[in-house]
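The values are calculated or read from the model by the stated rules, or taken from the named source; none is laboratory data. All values reported here derive from a predicted model rather than from experimental measurement. Note that each Cβ is placed from the backbone with ideal geometry, even for glycine, and that neighbours are counted across all protein chains shown.
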Amino acid sequence: MANANILTADQEAKLRRPIEDYVGKIQAKLDSLREEGTTRVVELQNDIDSTKRDHILTKEEKENELSRLRAELEKAKAVEAKNKTEVDSLVADAENYLKAHFDTDYYQAVVASCKEERVLALAKYKERTADLEKEHQAAVSKLSDQHEIKDEKYVYKNRLFDAKMQYEKDLQLIKDRQHAAFDYKYHLIDMLRMSKFTFAETLAQRWENYKYTFNRRDFLLRNGLYIAIVFIFIILCIITPIIKNVPLLTYNNVLNILQQASPRMFLALGVAGLILLAGTDLSIGRMVGMGMTTATIIMHQGINTGSVFGHIFDFTGLPTPAKVLLALVMCIVFCTVFTTIAGCFTARFKMHPFISTMANMLIIFGLTTYATKGVSFGAIESTIPGMIIPRINGFPTIILWAVAAVAIVWFIWNKTTFGKNLYAVGGNSEAAAVSGISVFKVTVGAFMLAGILYGFGSWLECIRMVGSGSAAYGQGWETDAIAACVVGGVSFTGGIGKISGVVVGVLIFTALTYSLTILGIDTNLQFIFSGIIILVAVTLDCLKYVQKK
């Protein structure tokens with residue numbers, strides 16, 4: 001009685017047959033109506049595209065062939081238009097029948113059958129493990145030699161493993177059966193409408209495919225860290241009002257987090273390209289210090305009080321827009337020059353980026369500190385922030401600069417040849433070289449793109465902070481940028497990563513730091529949190545890599 005709802009293959013086919021017959025007859029009529037209409041239109045459009053790309057035909061031959069195809073296309077479109085009303089009526093008839101009968105007459109019966117099959121499979125698995133336990137105990141009771149007992153235990157574990165594998169195999173077959181039943185409806189709709197689905201139907205298929213392919217282990221490896229961080233953030237949101245009498249998740253706090261994250265987004269986007277090449281950059285913080293100092297000197301309010309290599313700069317003769325533009329150009333130029341040097345050493349001499357960028361870090365810090373004697377250059381002109389990153393109704397427009405950077409880098413990574421080559425070289429540089437990709441150009445290009453983004457980020461940070469540039473500014477920012485990329489799923493194994501992950505990583509780290517600061521957690525303890533997050537993120541990344549291997 002418990003198995004009454006379990007369908008055999010013949011019973012399932014019998015339930016489905018009326019649907020197949022009804023919709024099949026309509027489909028046959030549709031195919032006949034479309035043969036000289038819609039189907040012919042599609043074929044002719046493909047022929048026209050192929051003819052346009054054909055380099056063998058002469059210009060005259062191509063024009064004649066296109067004229068002939070276009071004439072036939074017009075005839076086919078006329079047939080299509082003539083049959084449109086009847087086709088639409090037949091499609092609507094079939095769809096109404098599916099709505100009325102597919103779930104109630106067929107799919108729900110399959111779902112109920114699969115539910116019973118899972119119960120039966122679990123019962124069989126438990127029965128099998130119980131039998132194996134009895135057999136094992138009986139076998140052990142007859143043995144006295146320790147080596148034989150050890151062998152018996154080994155055999156017992158193998159049999160348990162086999163039983164578990166069989167159980168999982170049975171569950172997968174049941175899962176396949178239910179998924180196939182679900183897909184059958186959309187297969188019929190696909191044929192009726194010629195691959196045109198509504199938005200709701202597309203969502204339903206995606207959700208079903210997600211459930212079908214869902215794997216708990218893979219899900220936790222991919223998202224476990226995000227879940228943990230979100231959980232920690234929720235706890236902080238709860239305890240902060242209790243301890244500090246200040247709500248954490250407010251509109252102003254969210255804007256502050258986004259505002260602080262905006263310059264850091266440029267840095268993370270830059271280093272993400274290098275990590276994609278299985279590299280890194282240790283000089284980011286010093287790049288920020290150099291850029292901040294350069295921008296502050298140029299946009300300084302009045303004559304600079306500090307000197308550079310003993311020379312005091314005076315840019316008061318320049319109009320403010322010119323000073324802003326010059327500061328941006330110089331930040332980009334300085335940062336790009338240094339990243340290009342590191343990129344050339346990395347690409348030409350196969351030097352690991354850890355070494356080339358560490359050398360950059362020391363050189364930049366030494367030069368900037370020696371040139372400026374380590375002093376701060378004060379504030380920039382007070383009108384500049386309102387000019388470049390004004391607040392509109394309280395909204396900090398610096399966020400829009402970060403959004404623009406994300407959009408541009410996403411386009412470069414996903415829609416350009418350079419971006420595709422970046423993934424190829426990061427995944428396997430030797431294979432990329434064999435396929436004709438210049439590993440040197442791609443590597444140097446990635447470093448140059450990083451330099452441009454560093455320059456832009458340091459310029460924006462200078463404007464956000466209204467100056468205060470010094471060589472020491474930006475210390476430790478490289479760890480934040482690298483950590484944001486790793487947390488966002490940009491793998492150190494190379495060739496794996498998405499811009500969306502980088503954005504999420506930056507927002508997570510900025511929000512966590514902001515929350516801990518409001519809570520009054522010591523800055524030194526915040527480094528501990530960052531270190532733990534980095535360690536867990538890289539561990540999960542390594543586990544994913546090992547699992548693929």
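The table below lists the values:
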item	result
Search result, residues across the range 52-97 that are within 14 Å of Gly37 (Cα to Cα), exposed (fewer than 12 other Cβ atoms within 10 Å of the Cβ) and either outside the structural domain of Ser32 (by TED's automatic domain parsing) or of a type in the set (Val, Ile, Thr) (or both)	Thr85
Positions within the range 381-417 being charged (D, E, K, R) and within 15 Å of Phe456 (Cα to Cα), in sequence order	none
Among residues of the range 244-253, those that are in a helix (DSSP H, G or I) and at pLDDT 85 or above, counted	3
Odd one out for Ile452 among (1) in contact with a Cys (Cβ under 8 Å, 6 or more places away or on another chain); (2) farther than 30 Å from Ile384 by Cβ	(2)
Identity of the residue in the range 292-307, surrounded by fewer than 23 Cβ atoms within 10 Å (Cβ to Cβ) and touching a residue at least 40 places away in the same chain (Cβ under 8 Å), that ends up nearest to Arg464 (Cα to Cα)	Gln301
Residue count, the range 211-231 (criterion: part of a helix (DSSP H, G or I), under 30 Å from Leu535 (Cβ atoms) and either of a type outside the set (A, V, I, L, M, F, W, C) or modelled with pLDDT of 90 or more (or both))	8
Leading residue by the ranking (nearest to Pro263 (Cα to Cα)) among those in the range 416-464 that are without any contact (Cβ under 8 Å) to a residue 40 or more places away in the chain and assigned to a loop (DSSP other than H, G, I, E, B)	Thr416
Selection status of His187, in a helix (DSSP H, G or I) and either aromatic (Phe, Trp, Tyr) or in contact with a Phe, Trp or Tyr (Cβ under 6 Å, 6 or more places away or on another chain) (or both)	no
So Gly310, is it free of Cβ contacts under 8 Å to residues at least 60 places away in the same chain, at positive phi and more than 36 Å from the chain's Cα centre (by Cα)	yes
Members of the range 46-60 that are assigned to a helix (DSSP H, G or I) and either at pLDDT 95 or above or polar (S, T, N, Q) (or both)	Asn46, Ser50, Thr51
Residue that is surrounded by the most Cβ atoms within 10 Å (Cβ to Cβ) [pool: residues in the range 326-351 that are out of contact with any Pro (no Cβ under 9 Å at 6 or more places or on another chain) and of a type in the set (S, T, N, Q)]	Thr339
From Leu276, Leu225, Leu282, Leu248, residue being touching a Ser or Thr at 6+ places or on another chain (Cβ under 7 Å), in the same structural domain as Val403 (by TED's automatic domain parsing) and over 30 Å from Thr372 (Cα atoms)	Leu248
Exclusive hit being part of a helix (DSSP H, G or I), within 24 Å of Arg286 (Cα to Cα) and either free of Cβ contacts under 8 Å to residues at least 12 places away in the same chain or in contact with a His (Cβ under 6 Å, 6 or more places away or on another chain) (or both), set Thr517, Thr479	Thr517
Filtered residues of the range 194-234 (kept if without any contact (Cβ under 8 Å) to a residue 24 or more places away in the chain, farther than 21 Å from Gly488 by Cα and surrounded by 11 or more Cβ atoms within 10 Å (Cβ to Cβ))	Phe197, Glu201, Thr202, Leu203, Ala204, Gln205, Asn209, Lys211
Options Glu12, Glu43, Glu20; residue that is surrounded by 12 or more Cβ atoms within 10 Å (Cβ to Cβ), assigned to a helix (DSSP H, G or I), touching a residue at least 24 places away in the same chain (Cβ under 8 Å) and among the acidic types (Asp, Glu)	Glu12
Which listed residue, of Phe365, Phe345, Phe377, is more than 24 Å from the chain's Cα centre (by Cα), closer than 30 Å to Phe309 by Cβ and not in a helix (DSSP H, G or I)	Phe377
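Listed here are the residues, each with its yes/no results for (1) closer than 30 Å to Ala13 by Cβ; (2) surrounded by 15 or more Cβ atoms within 10 Å (Cβ to Cβ); (3) of a type in the set (Phe, Trp, Tyr).
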| position | (1), (2), (3) |
| --- | --- |
| Val119 | yes, no, no |
| Tyr125 | yes, yes, yes |
| Asp145 | no, no, no |
| Ala163 | no, yes, no |
